[in-house]
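See structure below.
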Amino acid sequence: MHHPAEFLMRYGYLLLFCWLLAEQGALPLPSIPLLLACGALVRTGQMHLWGIALSGMTACLIADNVWFQLGRRRGGRILRFLCRVALVPDSCVRQTEDTFARYGVNALLVSKFVPGLNAIAAPLAGSAGATRTRFLVFDSLGALIWLSSYLGLGYMFSNQIEEVGGYAMRMGSGLIVLAITLLGGWIAWKYVQRQRFLRTLAVARITAEELRRKLDAGEELMILDLRSERESAEDTIEGAVRIAAADLGARHDAIPRDRDIIVFCS
């Protein structure tokens, strides 16, 4: 029997609990391969479905409830913290806010399937004022759907997963080195891409003090507020026109072409 399979059968439930707890806590740990492997071991009778479900659900609910409570108490601070640790913070937070604005807590049913959004969904639900009961119901259903989907795939394709595991064993430590190298290269590429984007914005940025001086001097400006309704309600800007980023195409006629445009976004 392969050593990884032996390890997973001996410590699988504890490993799954700790792994999912860390991933749902916003650490960049891929949990899908582990869930697929657990599903395959269920089919061979080497792990029990009830034990996997209990470990996985407990880990998800603990992490999500901590984020939910932090979102209720800290709100924007927690979201800004998650923005800093995400590789594509602007887009991931904007997508999650748009999803919540449209579907409410129903978005929790699918949020775990979207990488980078699962950790943001829970604190956003808390900051948006969702009740604890509704959050628990929808978050539990979402976690159950997520776990069941990948465990089911692992169960159905257990033979193929065993073949992949055997090939990985033959590669030995070379596979680990390759995986770490690819992951490190991807993170480095995303970081460089992010820094290039920020440098292009730096030349066109304006501070709050500079904007105030321009307004006091009577310059004709338009302040375009692209933030969500929740963000703009917390900190309004006098005279700003609020247009959701998703509505820019439809409302472009409301943006004048004869003056400078100051864009305010999260």
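Here are the numbers for this structure:
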quantity: Peptide ranges 124-130, 29-35, 218-224 listed from the most packed, as the mean C-beta count within 10 angstrom indicates; calculated: 124-130, 29-35, 218-224
quantity: Gain upon complete extension [CYS18, MET222; 0.36 nm per residue less C-alpha separation]; calculated: 68.4 nm
quantity: Calculated FRET value between ILE206 and ASN159, using beta carbons and R₀ = 51 Å, to 0.05; calculated: 0.25
quantity: Least to most buried among ARG259, ARG72 (fewest other Cβ within 10 Å first); calculated: ARG259, ARG72
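The numbers here are math on the coordinates, done by the rules we state, and not lab data. Note that this is a predicted model, so its numbers are computed, not measured. FYI the Cβ positions are ideal-geometry reconstructions off the backbone, even for glycines, and counts take in every protein chain you see.
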